[in-house]
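These notes concern the structure reproduced below.
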Amino acid sequence: MQAKTLSGGFADPAIASAAAFRQVMDAMARPGTIQTMTGAVPPAPLSATAGTLLLTLCDPETPLHLAGALDCDAVRTWVAFHTGAPVVGPSHCMFAVGGWDDLTPLSAYQIGTAQYPDRSATLIVEVDRLDPHGVTLSGPGIKDTHSLSLPETEAFQHNASLFPLGLDFIFTCADRLAALPRTTSVTQKGAV
């Protein structure tokens with residue numbers, strides 16, 4: 001059991017984490033585009049993409065919040081072994097990972113300050129589906145508009161209204177991801 005919990009990291013950490021980091025930056029620069037990401041084989045219920053993100057973005061200086069079913073011994077042990085990231089509550093984390101309902105309310109997370117807007121949390125949201133159909137996205141990094149399936153609309157509209165403060169989001173589903181930075185406007189299809 002212990003060996004299985006501690007396996008599943010990157011085969012070549014330097015190369016794999018650099019490649020994954022480039023994918024994350026590309027996803028943030030092009031909101032709503034769906035990308036494939038692999039590299040980690042974390043314990044269930046953590047998806048391969050969310051595990052790859054944690055290996056890439058977390059270290060002993062990066063407080064992490066595990067929400068819902070992901071706050072279990074297997075995931076805690078895997079994260080501790082591979083990243084050393086301290087597991088904390090939502091108000092102290094730099095990254096949080098979990099299902100949408102488990103991560104709410106969004107008001108529990110740091111949104112930055114006027115002096116330091118970058119001191120905000122990024123939420124890695126595990127979703128059941130991730131496809132290019134749903135709400136309309138616009139803003140920096142999007143030529144005209146783009147579409148993406150999101151768990152809801154209102155929370156993301158409110159988040160965008162807080163800019164330059166706010167949260168950033170990365171959605172994961174199996175081996176896919178899409179990002180929604182705080183600069184992205186979200187509207188219902190057909191809304192003006």
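The table below gives the values:
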{"quantity": "Set 108, 160: member being more than 23 Å from residue 29 (Cβ to Cβ) and of a type outside the set (Lys, Arg)", "calculated": "108"}
{"quantity": "Exclusive hit being in a helix (DSSP H, G or I), free of Cβ contacts under 8 Å to residues at least 24 places away in the same chain and surrounded by 15 or more Cβ atoms within 10 Å (Cβ to Cβ), set 50, 14, 19, 74", "calculated": "19"}
{"quantity": "Of the criteria (1) surrounded by 22 or more Cβ atoms within 10 Å (Cβ to Cβ); (2) in contact with a Gly (Cβ under 9 Å, 6 or more places away or on another chain), which one residue 165 fails", "calculated": "(1)"}
{"quantity": "Matching option when the condition is without any contact (Cβ under 8 Å) to a residue 60 or more places away in the chain, under 16 Å from residue 172 (Cα atoms) and part of a strand (DSSP E or B), among 44, 40, 96", "calculated": "96"}
{"quantity": "Any hit, segment 119-139, residues being free of Cβ contacts under 8 Å to residues at least 12 places away in the same chain, assigned to a helix (DSSP H, G or I) and either hydrophobic (A, V, I, L, M, F, W, C) or closer than 18 Å to residue 182 by Cα (or both)", "calculated": "no"}
{"quantity": "Selection status of residue 73, at pLDDT 95 or above, out of contact with any helix residue (DSSP H, G or I) (no Cβ under 6 Å at 6 or more places or on another chain), farther than 19 Å from residue 43 by Cα and of a type in the set (Asp, Glu)", "calculated": "no"}
{"quantity": "Among (1) assigned to a strand (DSSP E or B); (2) of a type in the set (Gly, Ala, Ser); (3) over 13 Å from the mean Cα position of the chain (by Cα) - the single one residue 166 does not satisfy", "calculated": "(1)"}
{"quantity": "Of residues in segment 112-138 being among the aliphatic types (A, V, I, L, M) and within 15 Å of the chain's Cα centre (by Cα), the one surrounded by the fewest Cβ atoms within 10 Å (Cβ to Cβ)", "calculated": "127"}
{"quantity": "Search result, residues across segment 148-157 that are within 18 Å of the chain's Cα centre (by Cα), outside any loop (DSSP other than H, G, I, E, B) and not aromatic (Phe, Trp, Tyr)", "calculated": "148, 155, 157"}
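The values are calculated or read from the model by the stated rules, or taken from the named source; none is laboratory data. Source: prediction; values computed, not measured. Every residue, glycine as well, gets a Cβ built from its backbone with ideal geometry; the counts of neighbours run over all protein chains shown.
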